[in-house]
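See below for the structure under consideration.
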Amino acid sequence: MARKHIEPFVDRDIHFKKLELKGIPGGYNYKMLSIDEDTGACTMTVQWDAGYRQPPSVAYSDVEIFIMDGALKVGDRVWAKGGYFFVPRGVSLPAFSTEKGCFALVMYNDTEPHIVESDQDMDGAEREGLIQLATYDDMSWQMPTLFPQTATGCLLKLLHFDEKTHAMTFLYTMTPGFKQDNISYHDCAEEAYHVWGTSWMMQFGNLPTGGYFWRPAYVNHGAFASDHGILGFGRTDGDLHNHFHWNPYSNPAENADRAAARLIRQKPELNKWMWTKDHNHFDFEYAAAYTAESEDERVHIHEAMHAMGVEHDHDHDHHHHHHD
Amino acid sequence: MSKKILQNKPPRSEEVEKWLAEQVAEQNTRYEQICREMNDELEDRREQWYREFEERIQTTGFYWHADNKKIIKPEQIYPKPNRKNKVVY
């Protein structure tokens, strides 16, 4: 993901702009929080004006929406603040509208923002992945079950979890008086927006309501504190492991080295296996979705599929050896 | 399957390319400002925060898991390297 390290940024410091792209109805206002320079994937705070109407639509991108204020009528149901949607690529979202206006986070995960008018799913769309949640009313706060874990007073609501990559979307809160004296980094990018409240991080100072960051992997953050508590919306693009330490001066390369050294120490057999020559770490669980980087790798993976009897198609143009 | 949907996306129009270029340019400007504010202007204050953190982990303790803490010894405190400390990359 080619997004710049944007940390911190407070969206209250800039004005809304009109999103005037072909197919986008009038009344769609946005503040760009971060954007991928290559794909156009982005995170925006959005203000839909009172009376905004959007026809039934699909997108070539996964789309996430989190309502922070106002209400949005989607199909026949009115969603209040706390409403969350994960709309997989190609899944048709019913017409939506807002009578008095709606303030939301909108994320296009694969492309720049766009709307294709359609009340039909695209071929291959994974409708079973559609998530619609009333996060404030229907979900309880949970203690994270990670190891190592954040301090008591940091609670989560898990909104979306990608079983394949462990990327996730979540609400989080720090209760008043929260503190955690350690420095953390992760093997994944992390993104967050403060729906309400101010917290402090030792590298960046205070992040108030409307505060946002997009942080690449292996960047130090913490210690942490919040006097009055916060409500935040967060996402990662991979598995969220807390690498805690107390060296304020380490840089991302040194942190990545430390993470690799820890993996070698803590999972020596896996490390040995990963370095074994002549195999390609074929994942039989996700055989159909596997993408190989080289012709040699494709041949090996294809042979592994045959060896395990994994169903697959042959819509590729390489030659391979079949096992008898 | 849904990767094929992404692959089927039509090429961007000139209008969208122009819009994207504007967004990226604004983000680059914002990023440069953040680098200045965080890496340079906040540096002295942050050094003070580092000293206070080091004091706390030697007295009230370092959080190694949840509220489990351990006291860090003075000889375990990392020295400041001979390079600029960056927090935004």
For the stretch A:4-37, what are the residues that are in a loop (DSSP other than H, G, I, E, B), within 11 Å of chain B (Cβ to nearest Cβ) and over 23 Å from B:Lys9 (Cα atoms)? A:Lys4, A:His5, A:Ile14
Evaluate the following for A:Ala225: is it closer than 29 Å to B:Pro81 by Cβ, within 14 Å of chain B (Cβ to nearest Cβ) and of a type in the set (A, V, I, L, M)? yes
Inside the stretch B:15-58, the number of residues satisfying the requirement of being of a type in the set (Ser, Thr, Tyr) and more than 10 Å from chain A (Cβ to nearest Cβ) is 1
The stretch A:121-144: number of residues that are within 13 Å of chain B (Cβ to nearest Cβ), out of contact with any Pro (no Cβ under 7 Å at 6 or more places or on another chain) and of a type outside the set (Lys, Arg): 7
Determine which member of the set A:Ile67, A:Ile115 is more than 14 Å from chain B (Cβ to nearest Cβ), at pLDDT 95 or above and buried (at least 17 other Cβ atoms within 10 Å of the Cβ). A:Ile67
Of everything in the stretch A:70-96, what is surrounded by fewer than 17 Cβ atoms within 10 Å (Cβ to Cβ) and of a type outside the set (A, V, I, L, M)? Give them in sequence order. A:Lys73, A:Gly75, A:Asp76, A:Arg77, A:Pro94
Starting from the stretch A:145-161, take each residue that is within 9 Å of chain B (Cβ to nearest Cβ) and list its partners that are assigned to a strand (DSSP E or B) and hydroxyl-bearing (Ser, Thr, Tyr), counting only C-beta distances under 7 angstrom and pairs at least six apart or across chains. A:Ala151/B:Tyr63
From the list A:His221, A:His194, A:His166, A:His186, exactly one residue is surrounded by fewer than 18 Cβ atoms within 10 Å (Cβ to Cβ) and either under 20 Å from the mean Cα position of the chain (by Cα) or farther than 27 Å from A:Ile67 by Cα (or both). Which is it? A:His166
Search the stretch B:61-82 for residues being on the phi < 0 side of the Ramachandran plot, within 7 Å of chain A (Cβ to nearest Cβ) and of a type outside the set (D, E, K, R), and hand back the single one that is surrounded by the most Cβ atoms within 10 Å (Cβ to Cβ). B:Tyr63
Out of the residues in the stretch A:242-261 that are more than 7 Å from chain B (Cβ to nearest Cβ) and in contact with a helix residue (DSSP H, G or I) (Cβ under 8 Å, 6 or more places away or on another chain), state the one that is farthest from B:Lys70 (Cα to Cα). A:Ser250
Taking A:Lys267 as the residue in question, decide whether it is basic (Lys, Arg) and modelled with pLDDT of 80 or more. yes
So which residues in the stretch A:203-218 are free of Cβ contacts under 8 Å to residues at least 60 places away in the same chain and surrounded by fewer than 21 Cβ atoms within 10 Å (Cβ to Cβ)? A:Asn206, A:Ala217
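The values are calculated or read from the model by the stated rules, or taken from the named source; none is laboratory data. Owing to the predicted nature of the structure, the values given are computational and were not obtained by experimental measurement. Every residue, glycine among them, receives a Cβ derived from its backbone with ideal geometry; neighbour counts consider all protein chains shown.
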